[in-house]
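Comments concern the structure below.
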Ligand code: AMP
Ligand code: MG
């Protein structure tokens, strides 16, 4: 069976990156369920409602300075103004109307009393007994923050689909919200195929390697706020693969595996998927990363990543992260690249688009430039840790120092 996927281009041809991504996003099933959370617990979650303010922020006009609230009409233009201080208004209290010839001592954040139309800073006045004297110019509205200057009652301050950062938590709280409705966490089932895999902490027998993909995926999924159902290492038999796939897909919205999707006789993920659901093998015109297996077991989506640790990391950034974001209804699904200058030479063109592990630095003129890790082999996991993003090398292209290229920061791709 297949997904009937348009992306399944004729045998042998490779699908361009944009087409594969678009096809994938079109197939993401939106997670309908939402939950109400205390604002303080909602960091990183995706809003499932519009937040409308019921109040003006600030609610009342208030002072931007410690000083004196006065009436402009009392100011002697070009001369000295003398006013009697008849009241004191700290933040949190409300004053009385300011009478002609008087001033109110006022503190930052305190409401402007009726009749006052400016605040003069305390540094600009002399205090003589219960009077203040000043000759500074005062403009109407000076040092006054208007009511509703930040937010108007009725205004939508945060839209459905917004990913909540620290700023958004503060913003929601500023209009009095103590809870927000967010999309429930995506539940992601993961397992790792390979008879050669061993858990860290165990000794390695000849021929064995540590299962690093498990840890990479845990970190990536945690950064995206997913709930993880981890079935660990699964041996290279059809029986074990079927069992793990069945188990993972029962509870998960998405199952992600690493390894076992090639056509070798030790690769059983494909056969297991075809038995339990439907599967397409996508050969995508990118490096590292092809092939990518995509399918469904019932309503549970399936993404089979290559086994190669660098490919796992890169295909997660390029495909899995946008797919998961799409499932939550987030409005930051596809990361925007920065245009930077290359500080490297890429002499060999490839018919596939290459995503090289890169990082930014400033050149002698202070311009941001990207450099790439010295070994771009897909077996070199050090490159992912050295890098802070990916640069895009277009198909059939060389890059010379100074050329403008696209750079995708990891923090935009996977957070
Ligand atoms: P496969 O796609 O199963 O043929 O695996 C491709 C390469 O990735 C092989 O060299 C595997 O040993 C390696 N590999 C597969 N799974 C993992 C894993 N979980 N952690 C580290 N390396 C892996
Ligand atoms: Mg394998």
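For region 152-213, the alpha carbon convex hull comes to 139 Å³ per residue, rounded to a whole number. Of 282, 386, 346, the sequence from fewest to most neighbouring Cβ atoms within 10 angstrom is 386, 346, 282. Most tightly packed first, judged by the mean number of other beta-carbon atoms within 10 Å of their residues, the peptides 296-305, 376-385, 185-194 read 185-194, 296-305, 376-385. Computed from Cα positions, the angle between helix 238-251 and the longest principal axis of the chain comes to roughly 20 degrees. Protection proxy ranking for 196-206, 42-52, using the average of other Cβ atoms within 10 Å per residue and placing the highest first: 42-52, 196-206. Each pair of Cα atoms in region 1-121 enters the Kirkwood radius, and Stokes-Einstein at 20 °C and 1.002 mPa s then converts it into a translational diffusion coefficient of 105 µm²/s.
Eigen-decomposition of the gyration tensor built on the alpha-carbon atoms of the chain gives equivalent ellipsoid semi-axes of 60, 26, 18 angstrom, largest listed first.
Take every pair of alpha-carbon atoms less than 8 Å apart whose residues are at least six positions apart; their mean separation over the length of region 106-211 yields a relative contact order of 14 percent. Distances between every pair of Cα atoms in region 166-264, grouped in 5 Å steps from 0 to the bin holding the largest one, split as 2, 11, 18, 17, 16, 10, 7, 6, 5, 4, 2, 1, 0 percent. Take each peptide in 166-177, 100-111, count the other Cβ atoms within 10 Å of every residue, and average; sorted highest first, the result is 100-111, 166-177. Once you compute Rg and the Kirkwood Rh from C-alpha atoms, what is the Rg to Rh ratio for region 111-174? On the Cα set of region 111-174, Rg over Rh gives 1.21.
All alpha carbon pair distances within region 285-415 were sorted into 5 Å bins beginning at 0; the resulting P(r) in whole percents reads 2, 10, 19, 22, 20, 13, 8, 4, 2, 1, 0, 0.
Per the Cα gyration tensor, region 97-252 maps to an equivalent ellipsoid with semi-axes of 67, 20, 10 Å, ordered largest to smallest. Scaled against the 2.2 N^0.38 Å expected of a compact globular protein of N residues, the Cα radius of gyration of region 42-99 reads 1.90.
Consider a paramagnetic label point 7 Å from the Cα of residue 415 along Cα→Cβ; state which residues of region 151-166 have an amide N under 16 Å from it. Under cut-off, by backbone N: 163-166.
For region 94-248, DSSP calls about 25 percent of its internal beta bridges antiparallel. Across region 85-155, C-alpha contacts under 8 Å between residues 6 or more apart give a mean separation that, scaled by the residue count, equals a relative contact order of 26 percent.
Readers should treat all values here as calculations from the given coordinates under stated rules, not as data from a laboratory. Remember, it's a predicted structure, so these values are computed and weren't measured experimentally. Cβ atoms come from the backbone with ideal geometry, glycine included; neighbour counts cover every protein chain shown.
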